[in-house]
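The values are calculated or read from the model by the stated rules, or taken from the named source; none is laboratory data. Small disclaimer: the values here were computed from a predicted structure and weren't measured. No Cβ is skipped: glycine too gets one built from the backbone with ideal geometry, and neighbour counts run over all protein chains shown.
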Amino acid sequence: MAKYTPTVEVGLDRMRDMARGNFDLSWMDSNPEGWGHKVQRSQAGLKLTDVDHGFYGQVPAQGSSHGTMAPRGCYVPEGTISLDQYTINEMTEIWADNAASLYDEAVVRQWNSVTDVPWEKLKTLPDDMEKAVCQMCTGLAEVEFVAGDMPAKWLCRINHDFHEVKLFLATQIMDEARHLDVFRKRALANGGGLLMASPGQEELLAAILNAPDYATASALMHIFGEGFVLTLFRQGEYLAPTEVEKTIFGLCMQDEARHVAYGVKHLKFLLERQPEREEEIHAILEKGEQAIFSLTLEPQTSEPRAILAGGGLANIELGMMRMAFIYQKQVHEYLQRLKVAGIDRTNRLSIPTEIPYAEIAA
Amino acid sequence: MEQRILFPSSDWFQKLAICMLAQEDEYRRLGPMDCTMVVRVSSPENGDRNFEIVFRAFSVDSVREINDPGDVPPEHFIIEASLQTWQEMIENIREHCGPDLKHTLNFLTFPNDPMRVNGPDQLQTDAFYRYNRSIQQFFNGATDVPTIYN
Ligand SMILES: [Fe+2]
Ligand SMILES: [Fe+2]
């Protein structure tokens, strides 16, 4: 009886062969078209866009049917087994022309919540302000990682030929991990703690995670949700009571702008090639608009921001007026981003473009 | 006596570009930025003056005053404010070796008053958010640039 399995025995035979000097070496000439590739480095270093040009920059409209993880542009031997994982094989479904450059930008612009935030500058805040900061951070810690879970849900389904997009989405998952972690840390770091979760936010999260396909999920999350969050981060920097929040929101803002930039260019790419999908996009955006509007009515979401905007509980009404300005800005930028993507939603918007708070309060 | 540089002027932005070169490590830590920023300075005496600063990776590629408004490159964002607002921001940076909480670029632009940021489309305006820390660092270079205003 053989000592090893047939597979191991074959391996051992092959080793004996090599020990006698019989090498195969066919791999050396397996990809003549891809050999001799020339690369010019960018000023910032070696970028993905520097290497993925010419032969290696050809992205197929339909991802390769071999279904393996073989890197795009290599020779795939006959008989390589398919992993049978990829259901997103059309470039239009996920592609954005800026994915590769956003990936390079993201990997260099990483930061961490351990050493990049000047936590030593935290100071005791008045109770109402600390509670408002902690409630806002509770809400953000709740919502942030949907933008990690959503790409993660689709990532292993995306054909390996679209590595630019897969890599960018991987950076987004890391970015969102950091956002969740930094807001949790801020809530717990200054003598306060986590406060109330938001059922309203869960509605929006569900719409993103249950979207029927990647393209609609992306329109809802990258453009609508993250666009609104981007403005919120800008507001967070604006209202920051200390250098700590200032740094946190400033850093998160940069990450968020990358995510939004991908979403806009992706939707543009999709609609230029499949204009018939515009109605699907309108439908999912309407869902998001409705969810976010009901969110603005939720006390745990709107009141802490109004306290911060007003500079304390005593000025919460002034804060509500300022919040109306922020809402208007969010809606305006959202419509403008859709315009870049090729969608005019001005006349189909299902929520008001501004909240006439002064009028309502009168 | 230390030499004071006039703001706004191409010379003044060139000085910041030199400060940027001297801090390459810091800019490398922040990450590269590829964008074109137009700084618009308005004053009753001089009207609107526009300066284009092109950033490539970790340094400034070029600085120039735009004399013909039609000469702005297609891809850019504009930060605009009165000379008085720019002066207050720059002097605040100089006084604290960086802005206090109420004089960061984001703080001043977020309410659209006293500064505004705008691009030909929203994605280009978004570039200001995307590279915000690096752009702030660029203006923080004013700490080492004694400035007079006109
Ligand atoms: Fe985020
Ligand atoms: Fe995000």
Exercise. Give just the number: which of (1) among the small types (Gly, Ala, Ser); (2) at pLDDT 95 or above; (3) away from ligand 2 (no atom under 16 Å from the Cβ) does A:Ala309 not satisfy?
Key: (2)
Self-check item: Check on A:Ile307, touching a residue at least 24 places away in the same chain (Cβ under 8 Å) and either within 16 Å of ligand 1 (Cβ to nearest atom) or under 20 Å from A:Ser218 (Cβ atoms) (or both)
Solution: no
Quiz item: Which one of A:Asp161, A:Asp84, A:Asp128 is outside any helix (DSSP H, G or I) and more than 16 Å from ligand 2 (Cβ to nearest atom)?
Solution: A:Asp84
Practice problem: Could you list all residues from the stretch A:243-263 that are more than 16 Å from ligand 1 (Cβ to nearest atom) and either over 18 Å from B:Asn132 (Cα atoms) or free of Cβ contacts under 8 Å to residues at least 12 places away in the same chain (or both)? | Solution: A:Lys246
Self-check item: Selection within the stretch B:19-72 - within 14 Å of another protein chain (Cβ to nearest Cβ) and of a type in the set (Phe, Trp, Tyr)
Solution: B:Tyr27, B:Phe55, B:Phe58
Quiz item: If we scan the stretch A:267-274, do we find a residue that is among the basic types (Lys, Arg), out of contact with any Ser or Thr (no Cβ under 7 Å at 6 or more places or on another chain) and closer than 18 Å to A:Leu102 by Cα?
Solution: yes
Quiz item: Within the bounds of the stretch B:120-135, is there any residue that is more than 12 Å from chain A (Cβ to nearest Cβ), in contact (Cβ under 8 Å) with a residue 24 or more places away in the chain, more than 17 Å from A:Met253 (Cα to Cα) and over 12 Å from the mean Cα position of the chain (by Cα)?
Solution: no
Practice problem: Filter the stretch A:318-351 down to the residues that are without any contact (Cβ under 8 Å) to a residue 12 or more places away in the chain and closer than 20 Å to B:Gln124 by Cβ, then identify the one that is surrounded by the most Cβ atoms within 10 Å (Cβ to Cβ). | Solution: A:Gln336
Quiz item: Can you spot a residue in the stretch A:193-214 that is touching a Leu at 6+ places or on another chain (Cβ under 7 Å), buried (at least 19 other Cβ atoms within 10 Å of the Cβ) and aromatic (Phe, Trp, Tyr)?
Solution: no
Quiz item: From A:Ala215, A:Ala219, A:Ala240, which residue is more than 12 Å from ligand 1 (Cβ to nearest atom) and more than 15 Å from the chain's Cα centre (by Cα)?
Solution: A:Ala240
Practice problem: Check every one of the helices (runs of 4 or more DSSP H) wholly within the stretch A:171-244 and list those with 3 or more residues that are within 14 Å of chain B (Cβ to nearest Cβ). | Solution: A:226-239
Exercise. State whether the residues of the stretch A:284-303 include one that is within 20 Å of A:Thr92 (Cβ to Cβ) and either surrounded by fewer than 20 Cβ atoms within 10 Å (Cβ to Cβ) or in contact (Cβ under 8 Å) with a residue 12 or more places away in the chain (or both).
Key: yes
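Each row is one residue, and each column tells you yes or no for (1) basic (Lys, Arg); (2) farther than 30 Å from A:Val107 by Cα; (3) surrounded by 13 or more Cβ atoms within 10 Å (Cβ to Cβ); (4) in contact with a His (Cβ under 9 Å, 6 or more places away or on another chain).
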| residue | (1), (2), (3), (4) |
| --- | --- |
| A:Met15 | no, yes, no, no |
| A:Arg20 | yes, yes, no, no |
| A:Ser26 | no, yes, no, no |
| A:Asp29 | no, yes, no, no |
| A:Gln43 | no, no, no, no |
| A:Val51 | no, no, yes, yes |
| A:Ala70 | no, no, yes, yes |
Exercise. Name every residue in the stretch A:44-74 that is more than 14 Å from chain B (Cβ to nearest Cβ), more than 14 Å from A:Asp161 (Cβ to Cβ) and in a loop (DSSP other than H, G, I, E, B), in order of residue number.
Key: A:His53
Exercise. Would you be able to say whether some residue in the stretch B:1-18 is crowded, with 16+ Cβ neighbours inside 10 Å, within 14 Å of chain A (Cβ to nearest Cβ) and closer than 22 Å to A:Ala44 by Cα?
Key: no
Quiz prompt | Residue tally, condition small (Gly, Ala, Ser) and either surrounded by 20 or more Cβ atoms within 10 Å (Cβ to Cβ) or more than 24 Å from B:Pro111 (Cα to Cα) (or both), over the stretch B:35-89 | solution = 5
Practice problem: Identify, by number, the condition in (1) within 16 Å of ligand 1 (Cβ to nearest atom); (2) more than 14 Å from every other protein chain (Cβ to nearest Cβ) that A:Glu289 doesn't meet. | Solution: (1)
Exercise. Tell me which residues, restricted to the stretch A:147-158, are surrounded by fewer than 24 Cβ atoms within 10 Å (Cβ to Cβ) and within 10 Å of ligand 2 (Cβ to nearest atom).
Key: A:Gly148
Exercise. Kindly provide the set of residues from the stretch A:159-188 that are β-branched (Val, Ile, Thr) and crowded, with 20+ Cβ neighbours inside 10 Å, ordered by number.
Key: A:Val165, A:Thr171, A:Val182
